[in-house]
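The values are calculated or read from the model by the stated rules, or taken from the named source; none is laboratory data. All figures in this text were calculated on a predicted structure; none of them were measured in a lab. Here Cβ is always computed from backbone atoms with ideal geometry, including for glycine, and neighbour counts include all displayed protein chains.
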Amino acid sequence: MSGGVGIRMVDVAKYYRTAAGQVQAVAGVDLEVEAGTSVAIVGPSGCGKSTLLGLLGGLEKPTRGEIWLGEVEVARLSEAGRARLRRDEIGFVFQSYDLLPFLSAYENISFQLALRGAPDGERGCKELLDGLGLAEHADKLPDQLSGGQRQRVGIARALVHRPRLILADEPTGELDSQSAASAMDLLIDAQRAIGATMVVVTHDMGVAGRLDRIVRLRDGRVALEHAVA
């Protein structure tokens with residue numbers, strides 16, 4: 001699947017109930033992202049960046065508001081429907097890697113294709129591993145890889161099925177500057193090649209400045225947004 005999907009968030013809020021009372025993670029966000037473009041979400045720790053990303057990916061349902069991915073209103077989907085959406089149309093890059101510990105680097109990447117009933121895609125998997133400098137580590141298990149190597153495997157897994165939407169939570173957080181630049185090169189090149197829409201949560205303004213737009217959150221709300229010059 002290729003071609004990006006437009007995003008429209010209308011008065012989206014997410015509250016959590018805790019023993020100490022109600023916690024507001026996202027509060028009345030309105031946001032539009034044009035199909036095929038890239039957006040960086042920045043802001044201080046605890047401002048709702050990762051929660052916003054999870055809502056976009058259907059990992060959680062909003063307390064109120066609408067989240068549209070193209071013609072699909074995510075919050076109205078069943079749990080199974082949201083799972084299908086994530087499997088078929090979204091590529092996630094998690095800060096915590098979320099690799100399967102009993103599968104090799106190559107198998108973690110190709111497993112994404114197996115979930116969709118797609119062919120193994122050996123060539124595509126190997127090209128991604130090579131592009132991220134992981135070819136010689138293809139047969140290693142996650143606990144045999146460094147943190148940066150595991151993050152790069154996570155990036156490859158997010159791209160292998162050519163998603164319409166790429167959601168990345170601090171994709172360069174565990175990488176040195178050279179590896180971070182290479183990883184962002186791959187993400188941006190892949191996003192442009194398949195026309196995907198991309199939303200990246202980052203604290204690194206160098207990363208944010210490589211995308212089309214920057215949206216700054218504060219206290220769960222959009223405080224500022226602007227195009228990158």
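Output the residues belonging to region 77-98 that are within 13 Å of residue 154 (Cβ to Cβ) and modelled with pLDDT of 90 or more.
91, 92
For region 49-76, how many residues meet the condition of being within 15 Å of the chain's Cα centre (by Cα) and either at pLDDT below 90 or among the polar types (S, T, N, Q) (or both)?
Residues that pass the stated criteria total 2.
Of all residues in region 156-202, count the ones that are in a helix (DSSP H, G or I) and out of contact with any Phe, Trp or Tyr (no Cβ under 7 Å at 6 or more places or on another chain).
21
It is to be established whether one or more residues within region 102-112 are closer than 26 Å to residue 228 by Cα and at pLDDT 90 or above. Give the steps one after another, and end with the answer.
Going residue by residue through region 102-112, those that are closer than 26 Å to residue 228 by Cα are none.
No: zero hits.
May I ask you to verify whether residue 99 is surrounded by 19 or more Cβ atoms within 10 Å (Cβ to Cβ) and within 20 Å of residue 162 (Cα to Cα)?
Judged against the criteria, residue 99 is a match.
Can you tell me which residues in region 38-50 are in contact with a Lys or Arg (Cβ under 9 Å, 6 or more places away or on another chain) and surrounded by fewer than 19 Cβ atoms within 10 Å (Cβ to Cβ)?
Matches in region 38-50: 44 only.
Take region 1-37 and flag every residue that is crowded, with 21+ Cβ neighbours inside 10 Å, within 30 Å of residue 113 (Cα to Cα) and either modelled with pLDDT under 90 or among the basic types (Lys, Arg) (or both).
Matches in region 1-37: 4 only.
Considering region 131-148 alone, what residues qualify as being modelled with pLDDT of 85 or more and assigned to a helix (DSSP H, G or I)?
Within region 131-148, 135, 136, 137, 142, 143, 144 qualify.
It is to be established whether one or more residues within region 178-192 are at pLDDT below 90, surrounded by 19 or more Cβ atoms within 10 Å (Cβ to Cβ) and at positive phi.
no
Being buried (at least 19 other Cβ atoms within 10 Å of the Cβ), at pLDDT 85 or above and not in a helix (DSSP H, G or I) is the requirement here; does residue 207 meet it? Outline the logic, then answer.
On the way: buried (at least 19 other Cβ atoms within 10 Å of the Cβ): yes; at pLDDT 85 or above: yes; not in a helix (DSSP H, G or I): no.
Spelling it out, it is not the case that residue 207 is buried (at least 19 other Cβ atoms within 10 Å of the Cβ), at pLDDT 85 or above and not in a helix (DSSP H, G or I).
Determine which single condition residue 60 fails, assuming it passes every other condition in (1) touching a strand residue (DSSP E or B) at 6+ places or on another chain (Cβ under 8 Å); (2) under 18 Å from residue 164 (Cα atoms); (3) buried (at least 16 other Cβ atoms within 10 Å of the Cβ).
Going through (1) touching a strand residue (DSSP E or B) at 6+ places or on another chain (Cβ under 8 Å); (2) under 18 Å from residue 164 (Cα atoms); (3) buried (at least 16 other Cβ atoms within 10 Å of the Cβ) one by one, residue 60 breaks only (2).
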